[in-house]
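Report on the structure given below.
The values are calculated or read from the model by the stated rules, or taken from the named source; none is laboratory data. Just so we're clear, the structure is a prediction, and the values are computed from it rather than from any experiment. Neighbour counts run over all protein chains shown; Cβ positions are idealised from the backbone, glycine included.
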Number of protein chains: 2
Amino acid sequence: MASREYGQYCGITRALELVGERWALLIVRDLLVGPRRYGELQHGLPRIPSNILASRLKELQEAGIVRRIPRVRQIVYELTPYGRELEDVVIALGRFGFKALGDPREEQVVTADSLTMTFRTAFQPDVASGLPPTSYAALVGPAALHVSVAGSRLQVARLDEAPVDLRFEAGPDIRRLISGETSAEEAIADAAVRILDGPPELLHRFARTFHLAA
Amino acid sequence: MASREYGQYCGITRALELVGERWALLIVRDLLVGPRRYGELQHGLPRIPSNILASRLKELQEAGIVRRIPRVRQIVYELTPYGRELEDVVIALGRFGFKALGDPREEQVVTADSLTMTFRTAFQPDVASGLPPTSYAALVGPAALHVSVAGSRLQVARLDEAPVDLRFEAGPDIRRLISGETSAEEAIADAAVRILDGPPELLHRFARTFHLAA
DNA sequence: CCGCATCCCATGTGATACTG
DNA sequence: CAGTATCACATGGGATGCGG
């Protein structure tokens, strides 16, 4: 156990001892969206072996990052306040990794929680605060999200029946819209994004609200 | 090789594929301070096996994060512009891990580069910009640094012979000064920090300039 | 079912030694 | 100094089992 330590008295080192193991920060990423059950985490991390998920959850609890909450007939895991402080780390990683994303490969999936965190990463509060409140229904592969922007505040939730200003469907190549490589108009023309409901011009507002440098 | 991938189309996931391996971000941490030779990296990471250092450097090059520069009679590694973008990640990790640092253990060392990045993490530009330019000589264990603050700008370098406003020596418990658990006055009284030269009151300014929440 | 625990094998890691 | 080579061992991955 001590062999996994780096032997340095340094905050960065300590952080990596706590969350540097494989899969750990991806579990945190999903828990940043909300409390999750064991099986929900498995679904959000399709390739994680179940023994690894179990041990990571145990380690994250010992580190004070995750709390295990037994409820009637189900158990949920949620971040502690300290665990929620990892949001900065996850966002910074997301910004960095986005630039190296490239084109989606066949075996790569998009999950609801990863897309939610991508929206949070790409969100431009300063731009949004100058725009009227807008709600979107985003259908990206298997993920169906309700994205609502009001002032500089962003809320992303599972899609429900509530009405939205713009409903659209897209593949992983929505990345090019967020990076600005493709304009909203081009994305619609290429059918990279398909407008299902609402005025297509709103897609341009969406692209301004969510942007990450490539 | 593909087995190390997470199978998700997501920036956070991609970032972890690039720099999530053990030791990788610690190598980046040291290279954020400046270009380093192979042997210098070994010294800054006392417990890294040499084969691991070699393969990490190779992987970081393939990822476009590190550049290998052969010079006359020596080879240096430096971050690419893309690699330098990891500073946000490293700083965020440092902030997070600092809170879990606890007291230094016997086998834990403080290196010059890790301390340099700790200063960068703890630096409060807004506070500093309201204070007169100040230079410090900080001797923490084997690390001897020249820290100079001017306006909202911080520069940390290896200690040289140039005069400084305050010269002090401390152990790893300098952490308590940075976290605010100990005031500058207490730190001097406890001999946690020993003033070698200059007006002791400047240590209070130092503590205001460098602060991280505990 | 859901929430894990166990088993087994492939791979990655760590310590040491060695080489151009 | 800047790495390779080697080998023991720990960890991760995948399948499977099992109790509540």
Any residue that is within 11 Å of DNA strand C (Cβ to nearest atom), farther than 25 Å from B:Glu107 by Cβ and not β-branched (Val, Ile, Thr) - is there at least one of those in the range A:2-20?
no
Out of (1) more than 24 Å from B:Gly11 (Cα to Cα); (2) of a type in the set (A, V, I, L, M); (3) touching a strand residue (DSSP E or B) at 6+ places or on another chain (Cβ under 9 Å), what's the single condition that is false for A:Ala54?
(3)
Which one of the conditions (1) under 23 Å from A:Gly97 (Cβ atoms); (2) touching a strand residue (DSSP E or B) at 6+ places or on another chain (Cβ under 9 Å) does A:Gly198 fail to meet, given that it meets all the rest?
(1)
How many of the residues in the range A:73-104 are without any contact (Cβ under 8 Å) to a residue 12 or more places away in the chain, in contact with a helix residue (DSSP H, G or I) (Cβ under 9 Å, 6 or more places away or on another chain) and either more than 8 Å from chain B (Cβ to nearest Cβ) or within 28 Å of A:Gly171 (Cβ to Cβ) (or both)?
5
In the range A:173-197, what count of residues is obtained for those that are at pLDDT 95 or above and buried (at least 16 other Cβ atoms within 10 Å of the Cβ)?
13
Return the total of residues in the range A:60-80 being over 24 Å from A:Val110 (Cβ atoms), more than 7 Å from DNA strand C (Cβ to nearest atom) and surrounded by fewer than 16 Cβ atoms within 10 Å (Cβ to Cβ).
9
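Could you list, in sequence order, all residues of the range B:109-154 that are part of a loop (DSSP other than H, G, I, E, B), modelled with pLDDT of 95 or more and under 25 Å from B:Arg36 (Cα atoms)?
Listed by number, the residues that qualify are B:Val110, B:Thr111.
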Are any residues in the range B:71-88 farther than 21 Å from B:Leu16 by Cα, more than 8 Å from DNA strand D (Cβ to nearest atom) and modelled with pLDDT of 95 or more, and if so, which ones?
none
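Any chance you could count how many residues in the range A:136-164 are among the β-branched types (Val, Ile, Thr) and closer than 15 Å to A:Gly198 by Cα?
Count: 2.
Enumerate the helices (runs of 4 or more DSSP H) found wholly within the range A:174-214, keeping only those where 1 or more residues are farther than 21 Å from A:Pro133 by Cα and charged (D, E, K, R).
So the answer is A:174-179, A:184-189.
So, in the range A:40-57, of the ones that are away from DNA strand D (no atom under 11 Å from the Cβ) and away from every other protein chain (no Cβ under 13 Å), which residue ends up surrounded by the fewest Cβ atoms within 10 Å (Cβ to Cβ)? Even if it seems obvious, please write down each step before you answer.
Our first condition is that a residue be away from DNA strand D (no atom under 11 Å from the Cβ); within the range A:40-57, this holds for A:40-41, A:43-44, A:57.
If we keep only those that are away from every other protein chain (no Cβ under 13 Å) as well, we get A:40-41, A:57.
Working: A:Glu40: 17, A:Leu41: 21, A:Leu57: 19.
Out of the qualifying residues, it is A:Glu40.
Restricting attention to the range B:35-49, and to residues there that are in a loop (DSSP other than H, G, I, E, B) and within 14 Å of DNA strand C (Cβ to nearest atom), which single residue is farthest from the chain's Cα centre (by Cα)? Write out each step before concluding.
Step one: filter the range B:35-49 for residues in a loop (DSSP other than H, G, I, E, B), giving B:35, B:45-49.
Going one step further and asking which of them are within 14 Å of DNA strand C (Cβ to nearest atom), we end up with B:45-49.
On the way: B:Leu45: 12, B:Pro46: 15, B:Arg47: 17, B:Ile48: 17, B:Pro49: 21 Å.
Of everything passing the filter in the range B:35-49, B:Pro49 is farthest from the chain's Cα centre (by Cα).
Tell me yes or no: at least one residue of the range A:25-34 is facing chain B (nearest Cβ under 8 Å), away from DNA strand C (no atom under 14 Å from the Cβ) and touching a Phe, Trp or Tyr at 6+ places or on another chain (Cβ under 9 Å).
Of all residues in the range A:25-34, those facing chain B (nearest Cβ under 8 Å) come to A:25-26, A:29.
Add one more test, that the residue is away from DNA strand C (no atom under 14 Å from the Cβ), and what stays is A:25-26, A:29.
Narrowing further to those that are touching a Phe, Trp or Tyr at 6+ places or on another chain (Cβ under 9 Å): A:26.
Within the range A:25-34 (the criterion being facing chain B (nearest Cβ under 8 Å), away from DNA strand C (no atom under 14 Å from the Cβ) and touching a Phe, Trp or Tyr at 6+ places or on another chain (Cβ under 9 Å)), the answer is yes, since at least one residue qualifies.
Considering only residues of the range B:11-24 that are hydrophobic (A, V, I, L, M, F, W, C) and in contact (Cβ under 8 Å) with a residue 24 or more places away in the chain, which is nearest to the other protein chains (Cβ to nearest Cβ)?
Within the range B:11-24, the subset hydrophobic (A, V, I, L, M, F, W, C) is B:12, B:15-16, B:18-19, B:23-24.
From what's left, in contact (Cβ under 8 Å) with a residue 24 or more places away in the chain: B:15, B:18-19, B:23-24.
Numbers: B:Ala15: 3, B:Leu18: 6, B:Val19: 8, B:Trp23: 8, B:Ala24: 9 Å.
So, considering only residues that are hydrophobic (A, V, I, L, M, F, W, C) and in contact (Cβ under 8 Å) with a residue 24 or more places away in the chain, the one nearest to the other protein chains (Cβ to nearest Cβ) is B:Ala15.
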